[in-house]
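Engineer: Take a look at this one; I'll ask things after.
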Amino acid sequence: MLSPGEIIYQALFYLFAGAAVLAGLRMILTRNPVYSALFLVLAFVNVALLWVQMGAEFLGIILVLVYVGAVMVLFLFVVMMLDINLATLRQGVTRYAPLGLVVAGLIIAEIVWAVWGHFLGVGNTPQTAASALSNTRELGTEIYTHYLYAFEVAAAILVLGIVAAIALTLRWRPATKHQNPGQQMRVKADERRIRLVDLKAGKKGEES
Amino acid sequence: MGLSATDYIAALPEIVLLGAICVLLVAAVFLRETRDAVLHYGSLLTIAVMAIITGFLLRDHQMIAWHGNFIQDGMGDVLLLFCYAITGAVLVYSRPYLKERGLLSGEFYVLMLMALLGAMVLIQAYSMLVLYLGVELLAISMYALVALSRDDGTASEAAMKFFVLGAISAGALLFGMSWIYGLSGTLNIGVLSAQLVGSSGTSIGLWVGLGFVILAMAFELGAVPFHMWLPDVYEGAPSSMVAFIGSVPKIAAFAFFMRLLVEGLGPLHDIWMWLLTAMAVGSLTIGAIVAIAQPNIKRMLAYSTINHAGFILLGILAGNALGYRAAMFYTLAYVIMFVGAFGVIILMSRSGFEADMLDDFKGLNERSPWYAFVMLMMMLSMAGIPPFIGFFAKLEVIRAVLDVNMTWLAVYAVIMAVIAAFYYLRIVKLMYFDHAEDKQPAIKAPADLRLLLSVNGLAVLGLGLFPGGLLALCGIVFGI
């Protein structure tokens, strides 16, 4: 028999997990891309709550901060700024649907087969860490010792991402309207940038 | 808990390279007239320094560092040295070509060196996490290199296809790795292998993971069923980028197979052998037959790469030291031939003209007997005709397959090699027995390019006449 605490714990788990699954489904099935992005945000928030429930508060908070706060908001802006033609998006659904259904069916069958069987065969499922450990501290220690090499390589990938993105998008075409910060900074205040013109008061229609 | 000096010394080439990339990146912003020369010779100097460091670190036993994320062993060191040499050669080949097209920017050098860093990380990775990061570092640099000529529609299209397929394969790789991790509870290659030996029987989940991981590897190597990107990328991308994309990443892909499949999932050899056999048969067939119909030499060489990928897989699927030695020898022989062939294509191109159609090679012998001869050596070597290196590479691979009693596969590979020989020999025929349709100007190129291309051509001949040294080197690293 489960204790009341365990029942609440399980109920919360199924609440968050169910909401995440539903949000994921709605994200794919909804027609408006803005709603899709918002449902993805909902799915992220629910997964973050699941993580917090498992004792990984730091990861949960980071997920909300980074994915919900930054990535998805940026994504929403992009979706809103692009003029997406829904008709062309929906074109060819019937053409590709059979193949998609076959692939989806295969993957679902594989997962069900593997999970249903004897809970995955070899090895153990990872246990949640003892609650006495501060998981933020542990993450930091792990990243800067055991995974330092991988961490540095990931940093190199980020540098590469910036270089590649700038190399591919930054271009100086004569027609573009852009600021030249250097030129702006060089302007001196005493140079007469504004010319004050005295206008004589006169009657309407009269040349000044 | 912490890291010791040996960790840093083992990864010194990577550290030097990353430092040099940062310096060159900043230098590219501030230098004006001297920029191209500083970046070019700075990159070459960095590569030379790394080669010296790797030479000093060379050892025949393996050392695992960085808490099991990094491995330094003989195979890795030899592959690294080849990566340095090939990258250096590509830099020398591409300079005049890119200058004429206005693509010789600071980003080009940064992206090339980043790709080299990705290949190095992949070659020396000893955990699935680092393997994945190496794949990404290499792949993202390559996408950007292909897309670098932005005003070219075909290049952008090629980059887009490359990127989408690459993203799918990276997803498959992560998915497969997560299954393997979930079932074994470890990311480390050595621990994974030990666990698989210890466990009795294999679960279905492990097969799922294995299948997805192998799909991603097929993408890296350019083997069927993930070969579709090769022809489009080769055709669309600037020739000098292709010279890189077709060579160094293939060395890294070979290391990827060796690290994850052989060292990590080696106990599952009975299962993955059949997957690799199917991939090899598909690659050999498509590479040999579809290439015949290509009027574009870059597309033709793309299918040739697929064909060679099939041969490399033959060596790996044999599953013993003899097979691995043959596959490594084949990989190294292939990159030398490939870079040489693209060197000639780059040499023949000039401003506003890409020598990428087969007809452009008509009568090359009349215009430039020596470079026609270099191309002849590359083509005969790729076709597997003695005394060139390609012959011994094919011979070793087929010997390894016969050694594990897969005679039918060996016979099939030979038949496909004979079919493939047709399109290599067609180039020879065009160069020597046909006449150019219109008057082409004489070939002009800087001295360093000419010299290096000649050395490259003679290497194919020299290593073919005396294959013992390289073969022995490939043997030592696998303990034979």
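Engineer: Being part of a loop (DSSP other than H, G, I, E, B), at pLDDT 80 or above and facing another protein chain (nearest Cβ under 7 Å), is that true of even one residue in the stretch A:151-158? Spell out how you get there, then give the answer.
Structural biologist: Within the stretch A:151-158, the subset part of a loop (DSSP other than H, G, I, E, B) is none.
Among the residues of the stretch A:151-158, not one is part of a loop (DSSP other than H, G, I, E, B), at pLDDT 80 or above and facing another protein chain (nearest Cβ under 7 Å), which makes the answer no.
Engineer: Check B:Lys99 against each of (1) of a type outside the set (Val, Ile, Thr); (2) within 12 Å of chain A (Cβ to nearest Cβ); (3) assigned to a helix (DSSP H, G or I); (4) surrounded by fewer than 21 Cβ atoms within 10 Å (Cβ to Cβ) and name the one condition it does not meet.
Structural biologist: (2)
Engineer: Tell me which residues, restricted to the stretch B:35-93, are farther than 28 Å from B:Leu453 by Cα and among the β-branched types (Val, Ile, Thr).
Structural biologist: Hits for the stretch B:35-93 are B:Ile64, B:Ile71.
Engineer: For B:Asp438, all conditions in the list (1) touching a residue at least 40 places away in the same chain (Cβ under 8 Å); (2) surrounded by fewer than 15 Cβ atoms within 10 Å (Cβ to Cβ); (3) assigned to a loop (DSSP other than H, G, I, E, B) hold save one; what is the number of the exception?
Structural biologist: Among (1) touching a residue at least 40 places away in the same chain (Cβ under 8 Å); (2) surrounded by fewer than 15 Cβ atoms within 10 Å (Cβ to Cβ); (3) assigned to a loop (DSSP other than H, G, I, E, B), the lone unmet condition for B:Asp438 is (1).
Engineer: Restricting the search to the stretch B:298-329, which residues are surrounded by 24 or more Cβ atoms within 10 Å (Cβ to Cβ) and closer than 15 Å to B:Leu402 by Cβ?
Structural biologist: B:Phe311, B:Leu314, B:Gly315, B:Leu317, B:Ala318, B:Arg325, B:Ala326, B:Ala327
So that you can scan it fast, the table gives a plain yes or no per residue for (1) under 27 Å from the mean Cα position of the chain (by Cα); (2) crowded, with 16+ Cβ neighbours inside 10 Å; (3) of a type in the set (Asp, Glu):
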| residue | (1), (2), (3) |
| --- | --- |
| B:Asp7 | no, yes, yes |
| B:Leu25 | yes, yes, no |
| B:Tyr41 | yes, no, no |
| B:Thr46 | yes, yes, no |
| B:Ile52 | yes, no, no |
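Engineer: For the stretch B:189-209, state whether one or more residues are outside any helix (DSSP H, G or I), away from chain A (no Cβ under 11 Å) and modelled with pLDDT under 90. First the steps, then the outcome.
Structural biologist: Initial filter on the stretch B:189-209 (outside any helix (DSSP H, G or I)): B:199-203.
Still in the list and also away from chain A (no Cβ under 11 Å): none.
No.
Engineer: Taking the options B:Leu129, B:Leu111, name whichever one is in a helix (DSSP H, G or I), within 10 Å of another protein chain (Cβ to nearest Cβ) and more than 21 Å from B:Phe338 (Cα to Cα). Write out each step before concluding.
Structural biologist: On the way: B:Leu111 fails: more than 21 Å from B:Phe338 (Cα to Cα).
It is B:Leu129.
Engineer: Right, here's the next one. Based on what the data block shows, is B:Asp434 at pLDDT below 90 and either in contact with a helix residue (DSSP H, G or I) (Cβ under 6 Å, 6 or more places away or on another chain) or of a type in the set (Phe, Trp, Tyr) (or both)? It would help to see each step written out before you state the result.
Structural biologist: Working: at pLDDT below 90: yes; either in contact with a helix residue (DSSP H, G or I) (Cβ under 6 Å, 6 or more places away or on another chain) or of a type in the set (Phe, Trp, Tyr) (or both): no.
Spelling it out, it is not the case that B:Asp434 is at pLDDT below 90 and either in contact with a helix residue (DSSP H, G or I) (Cβ under 6 Å, 6 or more places away or on another chain) or of a type in the set (Phe, Trp, Tyr) (or both).
Engineer: I would also like to ask the following. Scan B:Gly198, B:Gly222, B:Gly211 and give me the residue that is surrounded by fewer than 21 Cβ atoms within 10 Å (Cβ to Cβ) and closer than 24 Å to B:Gly315 by Cα. Write out each step before concluding.
Structural biologist: Numbers: B:Gly198 fails: closer than 24 Å to B:Gly315 by Cα; B:Gly222 fails: surrounded by fewer than 21 Cβ atoms within 10 Å (Cβ to Cβ).
Answer to the check: B:Gly211.
Engineer: Filtering the stretch B:145-167 down to residues that are β-branched (Val, Ile, Thr) and in contact (Cβ under 8 Å) with a residue 24 or more places away in the chain, which residue is farthest from the other protein chains (Cβ to nearest Cβ)? Let's see the steps before the verdict.
Structural biologist: The first filter runs over the stretch B:145-167 and keeps only residues β-branched (Val, Ile, Thr), leaving B:146, B:154, B:164.
Filter again for in contact (Cβ under 8 Å) with a residue 24 or more places away in the chain, leaving B:146, B:154.
Numbers: B:Val146: 10, B:Thr154: 16 Å.
Once the filter is applied, the top-ranked residue is B:Thr154.
The values are calculated or read from the model by the stated rules, or taken from the named source; none is laboratory data. What you see is a predicted model; the values in this text were computed from it and never measured. Heads up, the Cβs are rebuilt from the backbone with ideal geometry, glycines too, and the neighbour counts pull from every protein chain shown.
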